[in-house]
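**Student:** Would you mind keeping the following structure in view while I ask a few things?
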Amino acid sequence: MEHIMDGRTCAEILERVRSRRPLVHHITNTVTINDCANITLCAGAAPVMAEAPEESAEMAAVAGALVLNIGTLSTAQVASMILAGRRANECGVPVVLDPVGAGATRMRTDAVLRILQEVDVAVLKGNAGEIGVLAGTGGTVRGVDSCGIAGDAVDAAVACARATGTVVSMTGATDVVTDGRRVLLVENGNPMMDRLSGTGCMAASVTGAFAAVEGDYVLSSAAALAAFGLAGERAAVGARGPYSFRTALFDELFSMAPEDLAAGARVRARHGV
Amino acid sequence: MEHIMDGRTCAEILERVRSRRPLVHHITNTVTINDCANITLCAGAAPVMAEAPEESAEMAAVAGALVLNIGTLSTAQVASMILAGRRANECGVPVVLDPVGAGATRMRTDAVLRILQEVDVAVLKGNAGEIGVLAGTGGTVRGVDSCGIAGDAVDAAVACARATGTVVSMTGATDVVTDGRRVLLVENGNPMMDRLSGTGCMAASVTGAFAAVEGDYVLSSAAALAAFGLAGERAAVGARGPYSFRTALFDELFSMAPEDLAAGARVRARHGV
Amino acid sequence: MEHIMDGRTCAEILERVRSRRPLVHHITNTVTINDCANITLCAGAAPVMAEAPEESAEMAAVAGALVLNIGTLSTAQVASMILAGRRANECGVPVVLDPVGAGATRMRTDAVLRILQEVDVAVLKGNAGEIGVLAGTGGTVRGVDSCGIAGDAVDAAVACARATGTVVSMTGATDVVTDGRRVLLVENGNPMMDRLSGTGCMAASVTGAFAAVEGDYVLSSAAALAAFGLAGERAAVGARGPYSFRTALFDELFSMAPEDLAAGARVRARHGV
């Protein structure tokens, strides 16, 4: 695989988010909706949350990206996601899907499969368990936590990307981003991110902000995870627990200069897929 | 215009909030609902959130103020807002309306116009774009952000107050509060407030708390924005980003003594309207 | 009453939460749902929120505890609570009910009575006003705040436990935990906890986490309130207001070692009931 992504490319995408300030439309869960709005602002984009079926498609049409997150899904909400997603597709607006808890209940798995069928999803961002379930290669999800995956993580991500036709962005100690052909591994991050509810959702929001300004979604997704993970690394320094960590996480992403990301991004290509 | 509001008047209203601890009933969005509850507590009032149609009017009847915020509206929620708003009107409970995103989608604009038609709104608190849209003088809203207004800001606020029959409280670098005749300008605040999601919603909650204890809603609204803005000024000192700013913002409003507000409020009358 | 609970027993239950990491399923309000998720994590358990009727029972079946909180109830949500609660009963999963605002509106009182009728609730955690209302001994609730109780607090808690057949966990300056026979008094806590929205909801989440690993719900509930209250005591040291207190509250519970709880828990038996 010839493509190598360096920190400079990540920094350039971050700079574009900051200068263009894309609107990132969310249809998301009530647990972390505030975090998603604020992390979008800290990334340099403008969040909006609108899920009523009377307006979700209208809002999607003017957005830079649409983020769908099924963390507290309802049947009505999934229907509105599909309305918004289809309109986003018509308008060339990239759609990011966070399949929170897919595999934990039948409703969640079915909702994700239905959205993938009805909407052209640009990026599917999930944890290992969720991606394993959706790849059909095997994964275990308890509640909203990944409890493991069958076989190799990269293989599962690649299989899921090929099965779904999306860019898969699989978070973990090492994040795996792949379109089924190219594979990028992102090493940024800190274990404290697992002690705070919603870091996965926040990663999807940042992924949306970056997708709004970079049409190569492998690059944009890896850059988003590098930036968010680097903020996490910096925030962990001096944190006394999950909430002082949270305060620092948002502040660090907000104050991250592109040159910080250029120097701190740890993205490498995985060869031989 | 003869009326001048000094810091002492602001401080007296704050003292009344603290001593009476009015119940501020919210029907509001899921993004910032927690912020709204906590900022109401920090102002010295008691928040409650109840939007089921079976109870919203009953709760409004015993409240000191009712705050309606359409940030994540649904058709059912707007219907419940109208039920609660009418009951508030019957009981002499002031209603504050935050028209979040009016102008961004047809549903939002229509919902605000319908609430204004069905409910006697005491205070309409919005950003410049929203107020311009509702005044009919021209405004642009993208997502939930103001993207500008046609013509002079004070003229738009005055036109909106006259068109809607409400006190308009228009937030911005300088806040404009007017009943269409008197105009007060509030200079308190800090640009960091725009980097945090929900400061507009929080301003509406504080406006509700102040309206519950002062029947001159021009005065109460200006005092609320002065107090909230002063907390923002103080919080910005030493903040490292939006989340350390947020922590300090709530703490500053909580610990603000009336004499602090008397000294720090920057409210002036605009002559010649 | 012979049973005395010492700090060592509290610490052992906390240790079990940390080592087993039970899944705590919530159907809860939108105001404090994020706080509930994060406090559950800080206690050492795994939160999940799932309220759609299509999945709430399925999720309850695999949980270690189910927490029901009516803070922003709807008719549909209460129906889903009952579905999930019944399934939890079938599976031996303890159910914790937080009757937020019972007594403030007819809908809230009725919802609690209906849940108590349809579901075998293990622990009913409320403030004094709510418990007085549900005991039928008299209590006053304004919005979601307790405004007092008729007669003695312990008597009301005991009466409520006997009337409902649950363990009652009544929070206040001194918490009262009783099954109608044994009575434990928990002295941990700090007045700052009343200045922050959602500490009652958080207490219910921690109660759920502890109930998941200790089948004597008098002991588990008292231990949960001791741990949460001790975190509050420690967090109040150096807090400048409700939000710096909040940050410290979560961090303190997260970093609380079992030996800290063994030394700091202040639980005593009340004799002669």
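**Student:** Test of understanding: in a Gaussian network model of chain B with alpha carbons linked when under 10 Å, which of B:Val158, B:Val62, B:Val177 would top the mean-square fluctuation ranking?
**Tutor:** Looking only at B:Val158, B:Val62, B:Val177, the biggest GNM fluctuation is shown by B:Val62.
**Student:** Separate question: For peptide C:55-66, how many partner chain Cβ atoms fall within 10 Å of a residue's Cβ, on average?
**Tutor:** Whole-number average of other-chain Cβ neighbours for C:55-66 is 3.
**Student:** Taking the inverse of the average 1/r across all pairs of different Cα atoms in the protein assembly as shown, what Kirkwood radius in Å do you get?
**Tutor:** So the Kirkwood estimate lands at 26.7 Å.
**Student:** Once Lys and Arg get +1 and Asp and Glu get -1 on their Cβ, which of C:Ala111, A:Leu249, A:Ala128 lies farthest toward the positive end of the dipole of the protein assembly as shown?
**Tutor:** Farthest along the dipole direction, towards plus: A:Leu249.
**Student:** Related question: Quantify how much of the Cα-Cα distance distribution of segment C:230-273 extends past 16 Å, in percent.
**Tutor:** Summing the P(r) tail past 16 Å for segment C:230-273 gives 44 percent.
**Student:** Moving on to the next point. Note down the Stokes-Einstein diffusion coefficient of segment B:77-152 in µm²/s, whole number, using a Kirkwood radius over alpha carbon pairs, 25 °C, and 0.890 mPa s.
**Tutor:** Details: Rh = 12.6 Å.
Roughly 194 µm²/s, to the nearest whole number.
**Student:** Indicate the gyration tensor shape class of segment B:177-255 (rounded, prolate or oblate), computed on the Cα atoms with a ≥ b ≥ c the square roots of the eigenvalues: a/c under 1.5 is rounded; otherwise a/b larger than b/c is prolate and the rest oblate.
**Tutor:** Here segment B:177-255 falls in the prolate category.
**Student:** Given springs between every Cα pair under 10 Å in a Gaussian network model of chain C, which of C:Asp216, C:Asp155, C:Asp179 has the largest fluctuation?
**Tutor:** It is C:Asp216.
**Student:** Which value in deg cm²/dmol, rounded to the nearest 500, describes the helix-derived mean residue ellipticity at 222 nm for chain B, given -39,500 (n - 2.57) per DSSP H run of n ≥ 4 and division by the residue count?
**Tutor:** Rounded to the nearest 500, it is -15500 deg cm²/dmol.
**Student:** Assign one of three labels to segment C:1-143, namely rounded, prolate or oblate, based on the Cα gyration tensor with a ≥ b ≥ c the square roots of its eigenvalues; rounded applies when a/c is under 1.5, prolate when it is not and a/b is larger than b/c, and oblate otherwise.
**Tutor:** The shape class here is oblate.
**Student:** Which of the GluC sites (Glu not before Pro) across segment B:165-273 are loop residues per DSSP, with 15 or fewer other Cβ within 10 Å?
**Tutor:** B:Glu187
**Student:** Let me ask something additional. Considering only DSSP beta bridges whose two residues both sit in the protein assembly as shown, what percent are antiparallel, to the nearest 5?
**Tutor:** Counting DSSP beta bridges with both partners in the protein assembly as shown, the antiparallel share is about 40 percent.
**Student:** Also, I was wondering about something else. Give the calculated FRET efficiency between C:Ala61 and C:Asp155 to the nearest 0.05, with a Förster radius of 51 Å applied to their Cβ-Cβ distance. Display every interim value, and only then the final one.
**Tutor:** Working: r = 38 Å, r/R0 = 0.74.
The value I calculate is 0.85.
**Student:** Between A:Ala257 and B:Arg162, what is the label-to-label distance in nm when each label sits 7 Å out along the Cα-to-Cβ direction?
**Tutor:** Label-label distance for A:Ala257 and B:Arg162, simple model: 5.1 nm.
**Student:** In debye, nearest 20, what is the charge dipole magnitude of chain A about its Cα centre with +1 on Lys and Arg Cβ and -1 on Asp and Glu Cβ, if you could check?
**Tutor:** In total the dipole reaches around 260 debye.
**Student:** Would you please give the residues with an amide H less than 5 Å from that of C:Gly71, counting only those at least 5 places away or on a separate chain, with H modeled from the backbone geometry?
**Tutor:** C:Asn29, C:Val100
**Student:** While we're on this one: What is chain C's relative contact order, in percent, from Cα pairs under 8 angstrom and six or more apart in sequence?
**Tutor:** Worked out over chain C, it gives 23 percent.
**Student:** OK, next. Of all beta bridges DSSP finds with both residues in chain A, what is the antiparallel percent, to the nearest 5? Can you show the working numbers first?
**Tutor:** Numbers: 13 of 33 bridges.
Rounded to the nearest five, the antiparallel share is 40 percent.
**Student:** Cα centroid distance between segment A:7-86 and segment A:101-125, in Å?
**Tutor:** The two parts, judged by their Cα centres, are 17 Å apart.
**Student:** While we're here: Please get the size of the charge dipole for segment A:110-258, origin at its Cα centre, with Cβ charges of +1 on Lys and Arg and -1 on Asp and Glu, quoted in debye to the nearest 20.
**Tutor:** Once rounded to the nearest 20, the dipole reads 240 debye.
**Student:** Work out the mean other chain Cβ neighbour count within 10 Å for the residues of C:71-78 and drop it here as an integer. List each step's numbers first, then the result.
**Tutor:** Numbers: counts 4, 8, 5, 7, 3, 2, 1, 1.
Taking the mean over all residues of the peptide, I get 4.
**Student:** Taking a quarter of the surface of the convex hull around the Cα atoms of chain A, what do you get in nm²?
**Tutor:** Directional mean of the projected Cα hull area for chain A stands at 12.2 nm².
Each reported figure results from applying straightforward, stated rules to the coordinates on display, with no laboratory input. Just so it is clear, the model here is predicted, and its values are computed rather than measured. Glycine also receives a Cβ, built like all others from the backbone with ideal geometry; neighbour counts cover every protein chain displayed.
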